[in-house]
Amino acid sequence: MTKQLAIKLSVILALILAVYFPTIRWMIDRWSVTDTYYSHGFLVPFICAFLVWFKRKELATLPIQPEKIGWSVFAIGILIHLISSPIQVYFTSGFSLLITIPGLVLIFLGKQWLKKLSFAISFIFFMIPLPMLTIANLSFRLKILAAKISTILVNSMGIAAIREGSIIQTRHANLVVEDPCSGIRSLIALIALGALMAYFSNTTRWKKLIVFASSMPIAVGTNIVRITALTVVSEMYGSKFATGFFHDMMGIVVFVLAFMGLAMVGKILE
């Protein structure tokens, strides 16, 4: 890539950032709000930059062969943004980046560059918050599932428990599985981590897909372990103890367990 082309691309990217400023501001607001499910969003641009840097030697050997079809792809992405942004449908505006950026790569660099950069560009998806209605729906389903299975597990341990909605009642206590405890936060973060681990794993494509797909049941399963542990502790030591330090500690422990589970799947497949 020549210095002149690098400068041109930098200017174009700066203009794109200016055009997408309302959407970027919306994403930052969603990343930083209290009890956000997307706090990892701040890391995604840096991870994408690292993924490009990681491919730097391969990219340096690629010929620059601009493709005219890139203008059509770019136009579709910009059109989606221009329709979405004024009516504040920022999810589709953010999603249009996954079309606009590939269009730019095709326009200035070509198909081979797009192929090498496809994962780095696709990873942008993990910084685009899902619509709140989708999050609420997923969160509800996950917390009911966690409450159901946790109740079965608690009963199997000899502790009598019944479930009413997302409330697990034992003889001396009850545990309310709120939306933040549904596991959706760890699910979203672990799917992103699973994608990275699959990408860097030294194995075949279908095994990479298994590593990525395993992130979902691992995230759900480890959260069920967390809810079960909180229920048992609340019965033995009281709800106050279970919702204090132990609650926060289990959040960390569960993510560590999930990471270890994901790493184990990758290691077994390798």
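When the residues of region 83-96 are narrowed to those that are assigned to a helix (DSSP H, G or I) and in contact with a helix residue (DSSP H, G or I) (Cβ under 6 Å, 6 or more places away or on another chain), which ends up surrounded by the fewest Cβ atoms within 10 Å (Cβ to Cβ)?
92
Suppose we keep only residues that are more than 17 Å from the chain's Cα centre (by Cα) and over 19 Å from residue 235 (Cα atoms) within region 134-147. Which one would you say is surrounded by the fewest Cβ atoms within 10 Å (Cβ to Cβ)?
Across region 134-147, the extreme among qualifying residues is 141.
Give 105, 154 a once-over and let me know the one that is modelled with pLDDT under 95, farther than 23 Å from residue 24 by Cβ and either assigned to a helix (DSSP H, G or I) or touching an Asp or Glu at 6+ places or on another chain (Cβ under 9 Å) (or both).
Going through 105, 154 in turn, just one is modelled with pLDDT under 95, farther than 23 Å from residue 24 by Cβ and either assigned to a helix (DSSP H, G or I) or touching an Asp or Glu at 6+ places or on another chain (Cβ under 9 Å) (or both): 154.
Specify the residue that is least open to solvent (accessible area, probe 1.4 Å); the eligible residues are those in region 148-162 that are in contact with a helix residue (DSSP H, G or I) (Cβ under 7 Å, 6 or more places away or on another chain) and under 15 Å from residue 182 (Cα atoms).
By that ranking, first place goes to 150.
Somewhere in region 68-82, is a residue over 23 Å from residue 196 (Cα atoms), in contact (Cβ under 8 Å) with a residue 40 or more places away in the chain and in contact with a helix residue (DSSP H, G or I) (Cβ under 8 Å, 6 or more places away or on another chain)?
yes
Report yes if residue 222 is within 30 Å of residue 163 (Cβ to Cβ) and touching a strand residue (DSSP E or B) at 6+ places or on another chain (Cβ under 7 Å), otherwise no.
no
For residue 26, indicate whether it is over 13 Å from residue 109 (Cβ atoms), open to solvent by less than 60 Å² (accessible area, probe 1.4 Å), in a helix (DSSP H, G or I) and at pLDDT 90 or above.
Answer is yes for this residue.
Can you tell me which of (1) open to solvent by 40 Å² or more (accessible area, probe 1.4 Å); (2) touching a residue at least 12 places away in the same chain (Cβ under 8 Å) is the one residue 173 doesn't meet?
The one condition residue 173 does not meet is (1).
The values are calculated or read from the model by the stated rules, or taken from the named source; none is laboratory data. Here the structure is a predicted model, which means the values were calculated and not measured. Positions of Cβ are backbone-derived with ideal geometry, glycine not excepted, and every protein chain shown enters the neighbour counts. Remember, those area values only see protein heavy atoms, side chains included, never the ligands or the DNA or RNA. Shrake-Rupley method; radii C 1.70, N 1.55, O 1.52, S 1.80 Å.
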